[in-house]
1. Roughly how compact is region 419-528, stated as its Cα Rg over 2.2 N^0.38 Å to two decimals?
2. Within 10 Å of each residue's Cβ, count the other Cβ atoms and sort 365, 301 from fewest upward.
3. With 10 angstrom as the radius, rank 496, 297, 555 by how many other C-beta atoms surround their C-beta, starting from the fewest.
4. Could you order peptides 322-335, 396-409 by the average number of other Cβ atoms within 10 Å of their residues, highest first?
5. Could you tell me what fraction of 2.2 N^0.38 Å the Cα radius of gyration of region 348-494 comes to, as a two-decimal ratio?
6. Mean projection of the alpha-carbon convex hull of region 415-603 over all orientations, in nm²?
7. With a cut-off of 8 Å between alpha carbons and a minimum separation of six or more residues, what is the relative contact order of region 345-422 in percent?
8. Taking square-rooted eigenvalues a ≥ b ≥ c of the alpha carbon gyration tensor, is region 321-399 rounded, prolate or oblate, where a/c under 1.5 means rounded and, failing that, a/b exceeding b/c means prolate?
């Protein structure tokens with residue numbers, strides 16, 4: 001077996017025989033050192049990243065770091081040196097450029113194509129590598145930096161490409177926000193439905209409306225100009241309503257141009273009425289009757305009432321800069337709350353199996369529309385015919401082209417109590433028990449207070465029914481009607497808790513409401529309400545409903561004539577006296593006066 005030869009030892013031995021002075025071989029193992037933290041005024045040593053400054057412990061000399069690519073990645077670098085020539089070396093001669101021939105001019109190099117190429121590459125890399133917002137963070141109004149998308153044919157393609165590169169970070173596109181937020185909205189609605197049973201519709205003293213807006217991303221003007229040179233663009237965020245945004249994607253409508261003339265309060269009102277833009281009168285009314293059959297049936301300080309087939313239409317001008325019937329026109333935000341309140345009370349008419357509170361006492365709202373323009377000639381004709389017979393106290397409806405209105409289309413509830421003829425004491429009792437039970441149900445469901453229940457806001461009609469169903473806090477009750485049914489209308493001054501908002505009218509802004517003549521039952525009731533609420537009209541004071549029940553008893557005793565005995569009058573006066581002690585309609589409906597008219601259906 002051959003003996004192994006150490007080649008390295010042979011080489012050293014041969015060099016020693018030649019008398020050469022060979023340096024020792026050294027291996028140095030080092031970790032890179034992080035730079036020390038210094039103040040901003042001192043120069044920071046970044047030598048561990050820059051060529052020519054890395055220090056080696058070999059012979060105490062500095063050298064270029066041949067392992068720079070390793071050191072910048074945080075790995076350990078190994079320096080091995082066997083032989084180094086430290087003698088100064090001559091620099092290699094630089095190659096000279098050939099001389100430019102005479103008559104020719106050297107053109108500057110054009111790197112435009114290269115710039116465009118790398119700009120597109122950088123744009124896509126920024127989109128892919130930029131971190132998405134943390135789930136715990138909150139988007140705020142202001143500016144966000146979003147990479148500019150390359151030119152594509154459609155908005156949908158931009159959204160699809162951006163999602164392909166980064167599923168968590170959406171592009172600067174309204175469509176993307178709609179797609180991503182619609183699922184969130186559905187989940188929130190499911191959660192709200194699940195938790196509705198646990199919410200007893202008790203709201204805090206101060207209401208806090210929830211915001212369900214999404215955000216539209218819109219480039220600012222300055223940023224659009226700068227977008228030609230910079231691959232990223234600053235984006236401003238604007239709050240929008242999700243349902244409005246979905247409607248704006250319609251291929252058959254262009255609502256943006258129609259919205260330019262309206263402020264936010266009108267847009268909110270349009271949204272509550274399910275409209276993208278105002279309607280004209282005949283277009284809105286033609287669904288309920290032939291326009292030629294429209295007749296005026298009444299009027300109020302803030303509007304006119306017309307009969308449209310089997311329905312009644314109440315038209316209220318809003319947001320004009322001139323007075324109507326001597327009064328400042330109602331604002332859009334005031335009518336917006338009345339619209340929501342009307343739709344909310346409509347829910348009480350739905351007698352479902354598991355309903356906790358239901359009653360037919362409040363007028364049924366069939367439709368509500370925002371209209372614009374002058375009064376239609378058909379409406380003017382109906383107004384003038386009524387004026388010839390009754391003598392109108394309102395101004396002639398001569399309105400300009402841009403005048404806006406809210407049109408309430410309601411079920412025909414009959415005549416108001418002022419003009420309705422009660423036949424006997426039983427009909428008077430039926431009136432009182434239906435109003436009291438209706439207010440009690442609305443109190444239990446929505447902390448409702450009417451706050452303006454004078455005899456013009458109670459309608460009566462006769463039918464063949466003997467009883468009406470009510471559900472009060474889960475208890476089913478039948479009420480004797482004696483052939484008379486009531487409908488409560490006009491919720492302008494009302495207060496309600498929808499479960500999400502508290503809607504009310506701050507009556508401190510109308511001091512003349514409380515300056516009516518002394519001794520007048522209606523004026524006195526307003527002043528009693530003011531004393532009960534102490535001018536805090538947002539609060540819940542069910543006692544105000546009892547004040548209007550007392551007012552109704554007074555009206556029956558002093559203003560209405562019907563067949564009654566002295567005993568009947570004593571019963572009404574005793575009822576009024578006992579009502580002075582009640583704090584709510586829920587207490588009042590349990591009064592002995594109504595005992596024989598309420599039949600419990602649960603027993």
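1. 1.22
2. Final ranking by Cβ density, sparse to dense: 301, 365.
3. 297, 555, 496
4. For the peptides 322-335, 396-409, the packing ranking is 396-409, 322-335.
5. It is 1.24.
6. Result: 11.0 nm².
7. Here the relative contact order equals 37 percent.
8. Prolate.
A short reminder: the numbers here are calculations on the coordinates, not readings from a lab. From a predicted model like this one, the values you see are computed outputs, not experimental measurements. Positions of Cβ are generated from backbone atoms using ideal geometry, with glycine treated the same way; all protein chains shown enter the neighbour counts.
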